[in-house]
Amino acid sequence: MSTQENLGVNPEPETEELSEEKLNEQRLIRREKLKKLQEAGRNPFLHETWNVTAHSMDIKDNFDAMEEEEVSCAGRMMAFRHMGKASFIDIQDKQGRIQCYVRQDAIGAEEYEWFKTYDIGDIIGVEGTVFRTRHGEISIKVSRLVLLSKSIQVLPNKFHGLKDPDLRYRQRYVDLIMNPEVREMFYKRAAIIHEIKRVLEEDYGYLEVDTPILTTIAGGANARPFETHHNTLDIDMKMRISNELYLKRLIVGGLDRVYEMGKMFRNEGMDRNHNPEFTSMECYMAYGNMESTMEVTEQIVYKAAMAVNGSPILKYQGKEFDVTPPWRRLNMADAVKEITGVDFSRLDTDEEARAACIAYGMDAEEASKMTRGKLIAEMFEEYCEDVPGYLDGPVFVVGHPVEVSPLSKRDPEDPRITRRFEAYINGWEIANAFSELNDPIDQYDRFVTQQAQLDSGEDDEAHPMDMDFVNALEVGLPPTGGLGVGIDRVIMLITDAPSIRDIILFPTMKPLE
C-alpha cells in the first residue's frame, strides 16, 4: 500500500482516462471531503478574499530580486507530489504555474493532515518565501496554506488533457485551465483589440460610441437578422446585423470621427469563418473617403500584428502574408476578366453581360434575373474568390457595382460602380469600406429598389427601407469615409487560429440532447 493510501489520500490516475463509473466515484469522494471540512468548521466557500502580492511568472522573472522575500499567492492546485512529512504542489494562477514546497513542521501537523486530503483542481492561497530548490526550480517555501474553494469535479488528466474540440468549446472554463496555449490565445485577442482601439483613438482621433443592438429595422448590411418581440411595446424587433446607419447619424450630428466595436448577429450559416454572433468594428470619418479608410485598415492590421507578434509577417496555417502598408489594389471587373476571360468593359448592356456569363457557364435562369452589375459581383464571388492563392493578399478589391453597394458613393468617372473596397487576406474578406453615399435622393431610390427585392422574395438579405436614415441624410451628411472590419477574422490571422471558434470564448453551439 502506498504512502498516499496510508494517509487517506485519494490520488486520481494521470496516465489513463477515467471511466464514467470512476469519475462518479471520484466526485462522490470529493463531496464527502467537502462535507468533512464543513463539519469541522473549515468550509472553504466562506472565504471571500485572499491578499495576492505576487504572481507566478513575476516571481520567476524577478527571482534575483525576490529571493527570500515573503510572498502571498493564490491559484488552482494542478500537481501534488507527497513525500511523507513534506510535499510539492504546483499552483496555477493567471500567469502560469509555480511550485510550492509544503512541510508539516512549517504549517503545523493538523493543518498538514487536512492539506493531504486536498485534490487536484482545488483553489488555495499560500504564503511563504521565495527560494530555489536543489534541482534549480524556483519555488515558494510555504508557511501558511488555506483552502479557498473546493473543486468537486475531476479535471482531465495532465497527459491527455482536454483535446476534444466540441467539449473544449462547450466547457471553455476547463479548456482554459488545462491548455495554457488557449489562455495565451485570449490574452492575444485582448491585446489585438486594445491596439486597434489605440490606433483609432490616438492615431486618428476617433471617439468610441455605443449604438443599439435591438432595432426595428436591421439595416446597414445584406444579411438575415435574428428576430424577437418586445412585450411592453408589443413590437417585433431585430438584433442588429450592422451599426452603420446609426454611426452615420452621429456624423450628421457633428461627431466627426466615431467608431464602435461590438457584437453583430446574423442568422446565417456556420463554418470555420462564421459564427452567428461575432465582433465587428465600424468607424466613420467626416471629410474622409475610400482612400482614408484604406490607410486606417492597413494601420490597424499592421500595428496589431506588430503589437502581438513583433512582425508584419502573418504566419497562418503554413502560409505567410506581409501586411506592411501599402497594400495592392485589384479591380473587381479586371479580376473577373483575368480568371474567366469575360471582359465586362466590352459588355455595356444587361443582355450582353448575361449572354457572356451564360456562355462561360453561369446558370441561365439565375443570370436572366441579374443586371450587368450583379453579374460582375456574382462572377467575382463564384469564380475568383475560390481560386487558390488569388486573393491571399493583403489586397483591396475595388470597383464594386452600384447594385451590390447601396450605401456607397458612385464613382464620378463611371457611375455604374462605386467608391468602395473590400480587403482580403488569405482569400477572406476582412474589411468593407465606402466613400459613403450622402445624396438622400439617390439613397432613397436605392432603398426602394432593395425593398422591392426584399418584398418579392428575390433577395431576402436586401437592405430594408429606413426612412429615418434618409431623413438624416436630408439634414446633411458631410463627405465621409466608412469602414467595417471583421475583428474575429483579423484575430484568427494574427494568432494562427484554424477556426473562429478558437478565438471566441463561448462560440455558438447546438445544445446537447
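The values are calculated or read from the model by the stated rules, or taken from the named source; none is laboratory data. Since the model is a prediction, treat every value here as computed from it, not as a measurement. A quick note on method: Cβ atoms are made from the backbone with ideal geometry, for glycine too, and the neighbour counts reach across all protein chains shown.
Residues of the range 57-96 being outside any strand (DSSP E or B), basic (Lys, Arg) and out of contact with any His (no Cβ under 9 Å at 6 or more places or on another chain), which ones?
Scanning the range 57-96 gives LYS60, LYS85.
Take the range 115-141 and flag every residue that is among the aliphatic types (A, V, I, L, M) and farther than 19 Å from THR49 by Cβ.
Residues satisfying the conditions are ILE120, VAL130, ILE138, ILE140.
Sort out which residues of the range 36-86 are basic (Lys, Arg) and either more than 15 Å from LYS141 (Cα to Cα) or outside the structural domain of ILE140 (by TED's automatic domain parsing) (or both), and write them in order of number.
LYS36, ARG42, ARG76
Answer with yes or no whether GLU298 is part of a helix (DSSP H, G or I), buried (at least 17 other Cβ atoms within 10 Å of the Cβ) and either of a type in the set (Asp, Glu) or modelled with pLDDT under 95 (or both).
So GLU298 fits the description; yes.
Could you tell me whether any residue of the range 163-179 is in contact (Cβ under 8 Å) with a residue 24 or more places away in the chain and over 30 Å from ASP488 (Cβ atoms)?
No, that holds for no residue.
Take LEU473 and decide whether it is in a helix (DSSP H, G or I), assigned by TED's automatic domain parsing to the domain that holds GLN299 and in contact with a strand residue (DSSP E or B) (Cβ under 7 Å, 6 or more places away or on another chain).
No; evaluated as a whole, the condition is false for this residue.
If a residue must be in a helix (DSSP H, G or I), surrounded by fewer than 13 Cβ atoms within 10 Å (Cβ to Cβ) and modelled with pLDDT under 60, how many such residues does the range 1-40 contain?
So the count comes out to 3.
Please determine, by comparing only the residues of the range 418-441 that are under 15 Å from GLU295 (Cβ atoms) and of a type in the set (A, V, I, L, M, F, W, C), which one is surrounded by the fewest Cβ atoms within 10 Å (Cβ to Cβ).
PHE434
Quick one: in the range 249-264, of everything that is in a loop (DSSP other than H, G, I, E, B) and out of contact with any strand residue (DSSP E or B) (no Cβ under 7 Å at 6 or more places or on another chain), which residue is farthest from LEU214 (Cα to Cα)?
Ranking the candidates gives GLY254 first.
Which residue is nearest to GLN443 (Cα to Cα), if the candidates are limited to the range 214-242 and must be in a loop (DSSP other than H, G, I, E, B) and among the aliphatic types (A, V, I, L, M)?
ALA221
Output the residues belonging to the range 269-295 that are buried (at least 20 other Cβ atoms within 10 Å of the Cβ) and either charged (D, E, K, R) or not assigned by TED's automatic domain parsing to the domain that holds GLU436 (or both).
GLU282
Each row is one residue, and each column tells you yes or no for (1) outside the structural domain of PHE186 (by TED's automatic domain parsing); (2) hydroxyl-bearing (Ser, Thr, Tyr); (3) more than 23 Å from LEU37 (Cβ to Cβ); (4) without any contact (Cβ under 8 Å) to a residue 40 or more places away in the chain.
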{"residue": "GLN92", "(1), (2), (3), (4)": "yes, no, no, no"}
{"residue": "GLN95", "(1), (2), (3), (4)": "yes, no, yes, no"}
{"residue": "TRP114", "(1), (2), (3), (4)": "yes, no, no, no"}
{"residue": "VAL130", "(1), (2), (3), (4)": "yes, no, yes, no"}
{"residue": "THR133", "(1), (2), (3), (4)": "yes, yes, yes, yes"}
{"residue": "LEU148", "(1), (2), (3), (4)": "yes, no, no, no"}
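Which of the residues belonging to the range 194-222 are surrounded by 18 or more Cβ atoms within 10 Å (Cβ to Cβ), of a type in the set (A, V, I, L, M, F, W, C) and either at pLDDT 95 or above or out of contact with any Gly (no Cβ under 9 Å at 6 or more places or on another chain) (or both)?
ILE196, VAL199, LEU200, ALA218
Test ALA106 against the criterion of being modelled with pLDDT of 95 or more, under 22 Å from GLY136 (Cα atoms), assigned to a helix (DSSP H, G or I) and in the same structural domain as ARG134 (by TED's automatic domain parsing), and give yes or no.
Considered against the rule, which asks whether it is modelled with pLDDT of 95 or more, under 22 Å from GLY136 (Cα atoms), assigned to a helix (DSSP H, G or I) and in the same structural domain as ARG134 (by TED's automatic domain parsing), ALA106 comes out as yes.
Taking LEU493 as the residue in question, decide whether it is touching a residue at least 40 places away in the same chain (Cβ under 8 Å) and part of a helix (DSSP H, G or I).
Yes.
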